[in-house]
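Here's the structure we're looking at; comments come further down.
The values are calculated or read from the model by the stated rules, or taken from the named source; none is laboratory data. The shown structure was predicted, so the numbers you read here are calculated from the model rather than taken from an experiment. Here the Cβ is made from the backbone with ideal geometry for all residues, glycine too, and neighbour counts use every protein chain on show.
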C-alpha cells in the first residue's frame, strides 16, 4: 500500500481514532488502526472491541492495499511531522512515513488479517432526535452512570422506548437521573448504551442539525459526514428504577444554582475524606449547609442566601461529591428540592421545555 495525504488530514482523523485506544489490553490489535486504500479512497477504522470509529481521509492512492497503524505512535508522529504532504507506505512488517521536507519514520506493524471488522448495520431501528436536544440530555445523564464495572447493567445509560414515552436513565445506586419525553418514534424496546460511547457521542455529533441513532445487531451506530461511531450495546436487564422514585415528598426548597453551588464548594473544604459528608439544614427563616470534620477540628457553616423554605425543621445528610455533581449538571438556574424526611430519597425537579427531568439523591446518615 502506498498513499499520499497531508498532515492536516491525518490530524483530523487521528483526533477521533485515538479515543478508542486502551492503556492496558490483552489484545494487541486494539491499539492499532486498520487502513484500507483502493477505488473507494482511504478508510481508517479503530476499535477497542466495544466502541469503534470509522472515518475516511482525502488522499492520493498510488498503490491499493491494507495494513495496520500503531494508533498512539502514529498520533505522536503526526504531532511532530512537518506541515504539508505526507507519504505513507506499508510493505510487509514495516510502515514508512515521510514528510514533504524529508523527515522519515520507519516503524514495525502487525498483520492486518485478524483485525476486527465493523459490525453489520442493517438499519433496522432508527431514532431521530434534534442534535441540540440530544446533547442537553447527555449533559444531564452521563455523570450519574456507574463507574463500577462489576455492575455492567449500570455502566451505561438506559434508552427506554415505550408506548407511554421515552426515558433516558442513568444511576449508580446512590443517585438516579431520568429524562422523560414523548416517544415520537415507532420503537418499543430498551437499549443500554455504554458510558464511553455516550462520552464520545457529544463531540461526534457536533455540526449536525439532527442525529440518527441506529440500533442494529446488538450495536448502536451514528453517522456524521461519512464518519461512523458505533458501540456494542450492554446485554443486561436494567433495574426497575421507577420503583425507587418517591411520590409523596411534601417539603419544597427553592434556591438559586450559583448560591447553592458556592456553598457546597465552601463546605467541601472541611469534609472528612472518608465519609465525604455534608448536611443541608432547613428551618423557617434559615437554611444552611454544614460540614464537620472531627478528627481535624474543622467546621464550615454556609448560609444559603437565596433559599425559600417554609416547612418544618429538618437536617439531611448528603455525599458532598454527589450533591455537587447534581447541582453542577442541573439544567436550570432555580433549584427545586422536594423531600419528605432525613432518610427518604430527595428529588430535584428542573423546569425544562421539551422534557421532564427527575434527579434523585439518596441521603446519608449524619454523623457529627
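Evaluation of residue 67 against the conditions (1) more than 18 Å from residue 196 (Cα to Cα); (2) under 26 Å from the mean Cα position of the chain (by Cα); (3) buried (at least 20 other Cβ atoms within 10 Å of the Cβ) shows that the sole unmet condition is (2).
On inspection, residue 154 passes the criterion of being under 21 Å from residue 345 (Cα atoms) and either at pLDDT below 95 or surrounded by 14 or more Cβ atoms within 10 Å (Cβ to Cβ) (or both). Taking residues in the stretch 101-117 that are more than 13 Å from residue 74 (Cβ to Cβ), and partners anywhere that are at pLDDT 95 or above and in a loop (DSSP other than H, G, I, E, B), not one pair has Cβ atoms closer than 7 Å while being at least 6 places apart or on different chains. Could you tell me whether any residue of the stretch 293-316 is buried (at least 18 other Cβ atoms within 10 Å of the Cβ), closer than 18 Å to residue 175 by Cα and in contact with a strand residue (DSSP E or B) (Cβ under 9 Å, 6 or more places away or on another chain)? Taking every residue of the stretch 293-316 in turn, at least one turns out to be buried (at least 18 other Cβ atoms within 10 Å of the Cβ), closer than 18 Å to residue 175 by Cα and in contact with a strand residue (DSSP E or B) (Cβ under 9 Å, 6 or more places away or on another chain).
Scanning the stretch 332-349 for residues that are without any contact (Cβ under 8 Å) to a residue 60 or more places away in the chain and more than 16 Å from residue 174 (Cα to Cα) yields 341, 349.
Within the stretch 183-205, the set of residues being free of Cβ contacts under 8 Å to residues at least 40 places away in the same chain and exposed (fewer than 15 other Cβ atoms within 10 Å of the Cβ) comprises 184, 186, 188, 203.
Is there a residue being farther than 16 Å from residue 5 by Cα, part of a helix (DSSP H, G or I) and touching a strand residue (DSSP E or B) at 6+ places or on another chain (Cβ under 6 Å) anywhere in the stretch 65-72? Looking through the stretch 65-72, at least one residue is farther than 16 Å from residue 5 by Cα, part of a helix (DSSP H, G or I) and touching a strand residue (DSSP E or B) at 6+ places or on another chain (Cβ under 6 Å).
Applying the criterion of at least 3 residues that are more than 24 Å from residue 102 (Cα to Cα) to the strands (runs of 3 or more DSSP E) found wholly in the stretch 1-56 leaves 32-38, 41-47.
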